[in-house]
1. In whole Hz and in residue order, list the ³J(HN,Hα) couplings for segment B:93-104 that follow from phi through the Karplus curve 6.51 cos²θ - 1.76 cosθ + 1.60, θ = phi - 60°; x for Gly and Pro.
2. What accessible area per residue, rounded to a whole number of Å², is obtained for chain B using a probe radius of 1.4 Å?
3. Convex hull over the Cα atoms of segment A:573-612, averaged projected area in nm²?
4. A:Lys524: which lysines have alpha carbons under 20 Å from its alpha carbon, excluding same-chain residues fewer than 8 sequence positions away?
5. Calculate for chain A the 222 nm mean residue ellipticity that helices alone would give, adding -39,500 (n - 2.57) per DSSP H run of length 4 or more and normalising by residue count, nearest 500 deg cm²/dmol.
6. Would you mind computing, in nm to one decimal, how far apart the modelled labels at A:Arg310 and B:Glu125 are, each placed 7 Å from Cα along Cα→Cβ?
7. Over segment A:53-128, consider all pairs of different Cα atoms and compute the Kirkwood hydrodynamic radius from their mean reciprocal separation; express it in Å, one decimal.
8. Counting only protein heavy atoms and using a 1.4 Å probe, what share of the accessible area of chain A belongs to carbon plus sulfur, as a whole percent?
Amino acid sequence: MEEKKEKTMQKEKVGVYICHCGTNIAGTIDVEEVKNWAAKNPNVEVSRDYEFMCSNTGQELIENDIKEKGLTRIVVASCSPHMHEKTFRNATERGGLNPFLFEMANIREHGSWATNDKEAATQKAKSLVNGAIERVVHHEPLEKIPVEINPNTLIVGGGIAGITAALELANAGNHVYLVEREGTIGGHMAQLDKTFPTLDCSACILTPKMVDVGQHDNITLLTYSEVEKVDGYIGNFEITVRKKARCVIEDLCTACGICEEKCPAQVVDEGYGAGLGYRKAIYRAFPQAVPGYPVLDKENCIYFQTGKCRACEKFCPTDAIDFEQEDEMLNFNVGNIIVATGYDLFDPRRIPQYGYGRLENVFTSLEFERMVNASGPTGGHIVLRDGETKPEKVAIVHCVGSRDQNYNEYCSKVCCMYSLKFAHLVHEHLPETEVFNFYIDMRTPGKGYEEFYHRLLKEDTHFIRGRVAEITDADHQPGEEGKLIVQVENTLLGKQQRIPVDMVILSAGIEAREDAAQVANLFKMGCDYDGFYNERHPKLAPVATMTDGVFIAGACQGPKDIPETVAQGGAAASQIASLIGQGTMMMEPVRASIREEDCSGCRICNNLCPYNAIEYDEEKEVSKVITALCQGCGTCVAACPSGAIDGAHFTNLQVMSELQGLLWDVQPAPEKVTA
Amino acid sequence: MSEQFEPVIVGFLCNWCSYRAADLAGTSRIKYAPNMRAIRVMCSGRVDPQFVLKALRNGADGVLIAGCHPGECHYVNGNIKALRRYTMLKKTLDQWGIEEERVQLLWASASEGTKLAEKVNSMTEELRELGPLRWHEKVLADNGAAHVPVKEA
Amino acid sequence: MKFGYYPGCSIDRNARSYHISMMAIAERLGLEFEEMEDWNCCGATEYFAINDIPAYTLVSRNLALASQQYSGEKLVAPCSACFLNLKKTDHVMGEYKEINQKVNTALEAGGLAYQPGTVSVHHLLEVIVKDVGLEAIEEQVKKPLYELRIAPYYGCMVPRPADMESFDDPEHPTSMDKLLESLGAIVVDFPLKAQCCGGHMTQISEETALELLRRLLKNADDYGADMISTLCPMCQLNLDAYQGAVNAHFGTDYNIPVIYFTQLIGLAFGIPENELGFGKEIVSAKPALEKISDEAPQEKKRRRRPGRRTGLPMPSMPEEG
Amino acid sequence: MTQTLSARAPSLFEEVVAETSGLGENLNTCIQCGTCGGSCPSGDDMDHTPREIFAMIREDMREEVLTSNTPWYCVSCYYCVARCPQDIHITDIMYALKRKAIEAGYYQKAGKDKAPEFSETFIDFVENNGRSFELGLATRYHLRYHPLDAFKMATGMGLKLFTKGRMDLIPPKIEGIDQLKAILKKSKELGGEA
C-alpha cells in the first residue's frame, strides 16, 4: 500500500483527446468545456478536442503528440471501447508507447446518447474523463499474448448462408464442421417454390450446392445435431455437439426410402411442409435431402409410443434401423465460428382478426410456397383447404406482423417482393382468378425488383393501398355469403371496402428465432431488441460480432433476401479465411498473477478459479497461476485475503484510482472527516 | 421547480453483458438518468467489496453492480460469486444503517439495454427519495470519527 | 370472497335483471358484493365528448370513494362502460402526470384525493371466470343448459382497449365461451362477438345504429343461436329494445332474446327463472328456454378441422393443442 | 409543456395534442395505413375516414376537420386503438376533436347536431343529480331538440321499457351532490372551457 501511494505522486504526461463524433457527442456534451477542464489536471500535458478522433487525422494527433511532446499516457474520450479501443491502442503504439498505456472514456454510448440533458451530460463526461486520467496514470506496459488460430471452423445452421460459407472455406482448403438442427440442410430456401424477381426454381439452384456440401472432403456435416457448449476463445474454441439419435445407422443406410414408404404413422409436417402436408414418423424432409438418410421422430413413432410396429426395421434391406441408438456427444476444436441460424416466420395466429387457424382458407406465405410447388402436397395446384376447389378470388395481405408496434416494428423487407411473386404465380396457374394485393407501401428496392412490380401491374393485379383491418366470414351484404371478406380502407379512395374472396394468403414477416437469446448466450453474442444478433458495426463490420472469432451471416442478423444472405455467408467466410491465413492472433494480456512473497498459501483462490488455472506449490506453500489457462476474469483477485493477486490491467490500484477520479465532484472535504 | 437532489451512482459493469447493455441503451438512444458513472470490469466477480465501500466513502450515493444472468457468465460463474459477496456486503451495510436501496445488483445481458436503463432510472428515483448518503456523518460519526484518524495516522 | 361493487346507473332500473341474477349467483358462489356508498355516474361515453378533465374527475370521485371505503378488495363493475371508464381513468392518471395533477386538484375541492393504482378495477365476467373459476362454477351446475345454442356477445369495451392489461383477447375473447360451455350450453361460432352494438348511436344516428345491430342479429341468426348472452346493460338494451326497430327497418324477423350471462349461470344453478329477472326482456326468452334438454347432446363440440386425408391439414390453435 | 417561445399561432395538430392532455402525442407517427378506417364499424357513414382526418390535421385544415362528421360517428369501440400499428390513441383524439368542434361552434355544420345535444343533456343530468336518468334524459333531450321523436319514443319503445319496470319516473340523486358539484366546478377551471 505504502509503495503504491508514492507512485501516485509521480507525474505522468497524459494526453487527453475529446472526440466530437460529428454532433453525436458535441451535440449534447460541451466538448470545449470538458477539454479545458481536463487540461487543469496536473497530470495532463495536452488536452485537445477533435471532430472525429477515429479518423486518420485524429489518430495522427495522438501519434505526433507522443513523439513531439513526450506523452507517456493517452486518454481518448469518445465511443465505447468495444468500438474503437483497438484503433486507439494501435495509434498509441505507432506513436511509440506501449498500447496498454492508453485508456478510453465512453462519453457517447454512456453519455451523449443516453440523455438530452446537456449540463448533466457534460458533467458526466468530465467524471468519465477524469476517471480515465486517474486510471491511466497507473497503467503498466503489457505485452499481448500470441494465440494460434486453429484452421477449423464451426458453422451453425445449414441454410443458404451456412452452405455458402461452408463451401467458400472448404474450397479454400480449410476444414468445416457444419451443424444443422434439422435432419437435412437447405433451410427455408429449400421450402420455397420460385425466387423473386427472376423466378428461378429455388430447389434447382439450391440442391446442387447441398450436394456439394454433402460430398465435400473438407466438410464434416452434422445434421440433426445441436451445439451444446462453447468454451474457449478465438483461435481455440472447444465445441461440444449433441448428435441426436436419428435411429438410423448412417453407414448402413442407402437412402432407398423403403422405411418411409412402409411406416404406418402419418403426421402433419409442421417443419419442411409448413403444416400443409403430411409426412411419416420416419422421414426425409424431401427427396433431395442432404444427407439422404432419414430421421425417426420418436414422438410420433408407433413403436416408441406403444411398443409395437417396427415396420421400418422389418422392411429395411440393409438393417440400418437402430431403435436403441442414443444421442452422441462430439467434441472438437475450432478457431472460428459462424452463426447462421436463420429466422422464424411470424405466427399469424397472434393476430386473431386475420383468422388464421380459425378460418379454413386463410393460409400463411410458407403454406402457399408449399402449395404452389409441384412437389408439394397439392402437386402444385392452387386450391382451397378442401384440397379441390380452385379459388376465383385471392387476397394477398402484406405486412402481417411487420411494421406494427403490437408485434414487430421493423419492415421484414422481403414480403412485398414475395407477395408480388405470389400474385404472379396465381395469375400463371389460374389465369381466370382475380388477385388483390393489400399493401401499406410497396417496397421494391433491389436489382430488377421495381421492374417486377411493373410486370405485375401489367398482369392486372388489383393493388389496394391499405392495411387490412380484418378478415371475417361474417357476411353483412349480398354477395358475401360463404366468402372470406377482407375489410380494409382503400386509402387511395378514402373509403372502407369489404372485398369477398375465396382464399387469403398472409404475407407473414421474418422474426428472430424463438431461441435466439439462448443461442446468443451460448456464443457470447448480443441480441437487439427484436432478438436479431448484433453485428460489431452496423456499417463497417456487418458480419463480425463483439466476440472475437464469432461471426454471423444471414437472416439471424435481420430480415434479408437470398442475395444478401449469400453475400453475408461469403463475407463471413472470407474474414475467417484471412484470420486462418495470419496463423496467429494477439490476445489481450489481461491475466492474473500471484506475488509469491505476499501469498499466505490459504488456497481460497484454488477452488474459486472456474478454469482450474491456479495450482498450489506444495514445496513453497504458495499458489501459482497457470497463465495459459487463465482467462482474466479477476474473481481470484477480488477474493484474495492477502491482496497477493494482481489482475493485469484491472489492478486494485487502477480501479480504485478510476473510482476516485469519477467522484471528483462529490468527494467529501477532508476536514469533514475529522469533524 | 425546486432544486432536486441528484444522486451519484457508481456502476460496476461487467465487460461482456452489462457494459454492452449500457452500450446498447446508448446506441438505441434510450434516454435515462445521467446519474450513473460506469466502471468497466471484466466480470462482476471482480468486484471487490472494498470497491463498493470506497465508492460510498468517496461520495457516491449508491452503487450498482451489474453482471450477466446466472448461468450466462462469460467466466462460467463469476456472477454467482458476485452475488455471494453482495449478500454478505449487504449485511454489513445494514449494520451500519445504510439503506438497502443504496447498493443494488442487477443481471443484464448484452441485449437488455432497456433493462439496464430502467434500473438506473428506478435506482436514481429511489436515491432521490432517500437523499444524500453522507457517509462521514452516518458511518463515521460518533464511534467512527474516533477510529478513522487513529488508524491512518 | 368479498368485492367492492360499483353498480352503475343502468343497474338500478334498466338492467335490474342483471343485478338480481348477479346477487342470486353470488350467494351460491359465496361472493359478497359490497355496494359503494354514494357513487356517481361514470359519464358513459358522453362526458369525454364535452370536456375531458371534468370527465376524468367525475370518474375519479368514484375511485377516491372506493379507496376510502374498501381495504384492498377488488372493485367490480358489471357494466362495460363503467368498467372501462373506471379502469381507463386509473390507468391514464397513472401514465399522464398532467391529468393526474389536475384531477387531484379538482378532487381536493371536495375534500377527496386519489392515488392511481390504489383501486383495482375488474369486470364482473373477469371475477367469475378468474377469481371464482370454471371449476367452482361447474360444481354448482344442477340443471345444465343442454341443447341451448348461445351466441356469446362481449361487445367492445370489456375486451378493449388493449394497451391496458386485459383479461381476455381484445379481438377474439373466449372467456365467456368457456363459461357457457361449462354450463352445458352449445356455444355457437359468433365472429362478431367483440363488435360494437352502436352504443349511444341509437340516439344520434338511428340508421347507423340499426345497421350495426342488424349485423349482430344476422350473425347470431346465421349460426343458429337461440339467444345472445351479454355482459353489458347498453348492449342488452340496444339489441333487445331495438330488435323490433331493426325488423321494421330492414324487413327482417329476428326474434333472439338477449340475456345476461349471470341469468344463464343462475339458470344452470337451478335457481328459478323469476328469481333471476327473466321476463324483463322485451324479446321473450321463453321459447328459447324451452329448448333446454335434460339429456346431454351426443356430439359436444363443433369441429373445424377437416378429417385426415380429405383436404389439407388445418393449422392447430393453441387451445386445441 | 408550454416551452415554445415562437410567435406563430399553434397549429391544429398542436392544439389537438394539447386537448388530449398528452394521450394523442404520437399522432405524428401515423403512417397512413388505414387500419383505423378499415376497422371502424361506422366508417361507412363518415365523410372522412379517421386516417384522412389525421392527414388533414397535419396539413392544418382546421375548418374541414372541425366540421367533419367523423368524430361524431365514433362509437368508442376501440377497435382502431387495439389495431393501430403505431399505438395511436385514436378514440381519445376523436373525443378531443368533438370538444374542439363544440368549442369552435362548428358542430352544427357537421350535420350531426344531435350528438352534442345528446351528450349535453346527459351531462346536465349527471352534473345536477350525480346519476343519469334514462327516462328524463330521453324525454328532455327529445322535447328540447326533437319533439316529434319524443312522441315516437313515449308511445313506442319507451312505453315497453316502462311497462317492464325498466324505467324510473323520478330521477335518482346522490347524497354528496354538493361535493360533486364543487369538484366538477374546480375541474372545469382546470380543464379548458367552464
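1. Rounded to whole hertz, the list is 4, 4, 5, 7, x, 8, 4, 5, 5, 6, 10, 10.
2. Numbers: 6390 Å² over 153 residues.
I get 42 Å² per residue for this part.
3. Values: hull surface 19.3 nm².
Seen from a random direction, the Cα hull of segment A:573-612 projects 4.8 nm² on average.
4. Reachable lysines: A:Lys86, A:Lys229, B:Lys81, B:Lys115.
5. Values: 19 runs with 192 residues, N = 675.
The helix-only estimate for chain A comes to -8500 deg cm²/dmol at 222 nm.
6. Taking the simple label geometry, A:Arg310 and B:Glu125 are separated by 6.6 nm.
7. On the way: mean 1/r = 0.0778 Å⁻¹.
With all distinct Cα pairs of segment A:53-128 included, I get 12.9 Å.
8. Values: 13260 of 27540 Å².
Carbon-and-sulfur percentage of accessible area, whole number: 48.
The values are calculated or read from the model by the stated rules, or taken from the named source; none is laboratory data. All values reported here derive from a predicted model rather than from experimental measurement. We place every Cβ from the backbone using ideal geometry, glycine too, and count neighbours over all the protein chains shown. Side chains included, ligands, DNA and RNA excluded: accessible areas come from the protein's heavy atoms. Shrake-Rupley method; radii C 1.70, N 1.55, O 1.52, S 1.80 Å.
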